[in-house]
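A short write-up of the structure that comes next.
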Amino acid sequence: MRESREETMREAKGFRPVRTADGSWTFFSEEYQETMHSVSGAWEESLKKFAEPACVREFAKRGSIRILDVGFGTGLNTAAALHLALGENPQADILVVGLEKENFQETIREMKVPAREFEIVQNKAEFVPLDRALVKQLLSPANGVKISVVMEDATLSARVLLEEGADG
């Protein structure tokens, strides 16, 4: 995971980049006075505390996965889930709906994470406003990998997704 790319990491509004022990990046939130991921390793934490407990390998074997990533942030959790799922089944159809109130779109595009799956996040993530009329389209089955990040506070966007049928 080691890669010297500090020159490409710049602050996002209210967030300061922090290099973690495994060489990956996280951000320190001025508002919450904490980092988004563990400073012992953001990538390692994404694998061990998000992707593995979500059993994405098992779902990948079935061919189709739906992932809700609350607090999408810089997309590391989603990249870790893709890493495990596509490692198990490269043909899996994966639908990711991320919920995020902060705008990390440019930060994600600039981040250098030496994982092929993070490039998928960079290339496939679509940042969309919360719109009840678009919820069904947002949740339509994926053909390959589909990543939609709803730009709204999760307490509101999760409620709208549930009301519009996301729980099925």
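The values are calculated or read from the model by the stated rules, or taken from the named source; none is laboratory data. Quick caveat: nothing in here was measured; it's all calculated off a predicted structure. Backbone-built Cβ (ideal geometry, glycine too); neighbour counts: all protein chains shown.
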Taking the condition of being over 22 Å from A51 (Cα atoms), assigned to a helix (DSSP H, G or I) and in contact (Cβ under 8 Å) with a residue 24 or more places away in the chain, how many residues in region 114-137 meet it? 3
Look at R116 and say whether it is among the charged types (D, E, K, R), touching a helix residue (DSSP H, G or I) at 6+ places or on another chain (Cβ under 7 Å), surrounded by fewer than 16 Cβ atoms within 10 Å (Cβ to Cβ) and farther than 24 Å from E31 by Cβ. no
Taking V160 as the residue in question, decide whether it is of a type in the set (V, I, T) and at pLDDT 95 or above. no
Would you tally the residues in region 57-79 being under 14 Å from the mean Cα position of the chain (by Cα) and either free of Cβ contacts under 8 Å to residues at least 40 places away in the same chain or not in a helix (DSSP H, G or I) (or both)? 11
Do you know which residues across region 132-157 are surrounded by 13 or more Cβ atoms within 10 Å (Cβ to Cβ), more than 17 Å from the chain's Cα centre (by Cα) and either modelled with pLDDT of 90 or more or of a type in the set (D, E) (or both)? L156
I want to confirm something. Restricting to region 1-52 and keeping residues that are part of a helix (DSSP H, G or I), among the small types (G, A, S) and within 20 Å of E102 (Cα to Cα), which single residue is modelled with the highest pLDDT? S46
Of all residues making up region 29-65, the number that are buried (at least 16 other Cβ atoms within 10 Å of the Cβ) and on the phi < 0 side of the Ramachandran plot: 19
Counted residues in region 89-113 being free of Cβ contacts under 8 Å to residues at least 40 places away in the same chain, surrounded by 13 or more Cβ atoms within 10 Å (Cβ to Cβ) and part of a loop (DSSP other than H, G, I, E, B) come to 2
